[in-house]
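Structure first, then comments.
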């Protein structure tokens, strides 16, 4: 397991990509071209992206937004993403568990093979962006919500992978989560 440190918490609060201010379908349509290898992290951004007519390869959601339960949003996400393979991960707030890292790895591999995948996180999904940047292929696009500001678009590339792996290195480490993410980001298998 990796746990947030104060240094990484400060990093994680800032947009790690281009921030598009606003909310709703119009913002998502401004952000996307439509042909991206698309991943969404967060309930509201996932639902909005689906409502805008886009089909992300991977959706990561936890049934909460700013710590509030969103049962109707979860049901709507599942309805609009019928046919997606669903994986469940355990991940408490402020952490990246080995379970979450493994489920992200599984989802990325499934998406590369043509399956669309939903990862439902029991706990909190906010930090899932970090292993996703490390494990997705260059050229992939991650959308996540920046609370009360808008949508952040992260274009995955080598520079961002290096930054994320550096931040993961600065987290409090328990177990082999970081070792696995590093191995998988270099093309290794389980």
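The values are calculated or read from the model by the stated rules, or taken from the named source; none is laboratory data. Computed from a predicted structure; not experimentally measured. Because the Cβ atoms are built from the backbone with ideal geometry, glycine has one as well, and the counts that use them run over all protein chains shown.
Listed by first and then second residue, the pairs linking a residue in region 105-126 that is modelled with pLDDT under 95 to a residue that is loosely packed, with under 15 Cβ neighbours inside 10 Å and assigned to a helix (DSSP H, G or I), with Cβ atoms under 7 Å apart and 6 or more places separating them unless they lie on different chains, form an empty list.
The number of residues in region 15-58 being more than 25 Å from residue 109 (Cα to Cα), part of a loop (DSSP other than H, G, I, E, B) and either under 15 Å from the mean Cα position of the chain (by Cα) or without any contact (Cβ under 8 Å) to a residue 60 or more places away in the chain (or both) comes to 3. Consider residue 132 carefully, then state whether it is in a helix (DSSP H, G or I), closer than 22 Å to residue 7 by Cβ and touching a strand residue (DSSP E or B) at 6+ places or on another chain (Cβ under 8 Å). Yes; evaluated as a whole, the condition is true for this residue. Of the residues making up region 20-29, those that are loosely packed, with under 14 Cβ neighbours inside 10 Å and touching a strand residue (DSSP E or B) at 6+ places or on another chain (Cβ under 7 Å) are 21, 22. Among the residues of region 150-162 satisfying the criterion of being touching a helix residue (DSSP H, G or I) at 6+ places or on another chain (Cβ under 8 Å) and either modelled with pLDDT under 95 or part of a strand (DSSP E or B) (or both), which is surrounded by the most Cβ atoms within 10 Å (Cβ to Cβ)? The selected residue is 151. How many of the residues making up region 30-39 are at pLDDT 95 or above and surrounded by fewer than 20 Cβ atoms within 10 Å (Cβ to Cβ)? Of the residues in that region, 1 qualify. For region 135-149, taking the residues that are in a strand (DSSP E or B) and at pLDDT below 95, the one that is surrounded by the fewest Cβ atoms within 10 Å (Cβ to Cβ) is identified as 146.
Within region 59-71, the set of residues being out of contact with any strand residue (DSSP E or B) (no Cβ under 8 Å at 6 or more places or on another chain) and part of a strand (DSSP E or B) comprises 64, 68, 69. Using the structure shown, decide if residue 74 is in a helix (DSSP H, G or I) and more than 26 Å from residue 179 (Cβ to Cβ). In short, yes.
Residue by residue, here is whether (1) surrounded by 20 or more Cβ atoms within 10 Å (Cβ to Cβ); (2) modelled with pLDDT of 95 or more; (3) under 15 Å from residue 147 (Cβ atoms) holds:
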residue: 41; (1), (2), (3): yes, yes, yes
residue: 49; (1), (2), (3): yes, yes, no
residue: 57; (1), (2), (3): yes, yes, no
residue: 60; (1), (2), (3): yes, yes, no
residue: 68; (1), (2), (3): no, no, yes
residue: 71; (1), (2), (3): no, no, no
residue: 75; (1), (2), (3): no, no, no
residue: 79; (1), (2), (3): no, yes, no
residue: 83; (1), (2), (3): no, yes, no
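With the structure loaded, tell me whether residue 137 is out of contact with any strand residue (DSSP E or B) (no Cβ under 7 Å at 6 or more places or on another chain) and within 16 Å of residue 37 (Cα to Cα) or whether it fails that test. Answer is yes for this residue.
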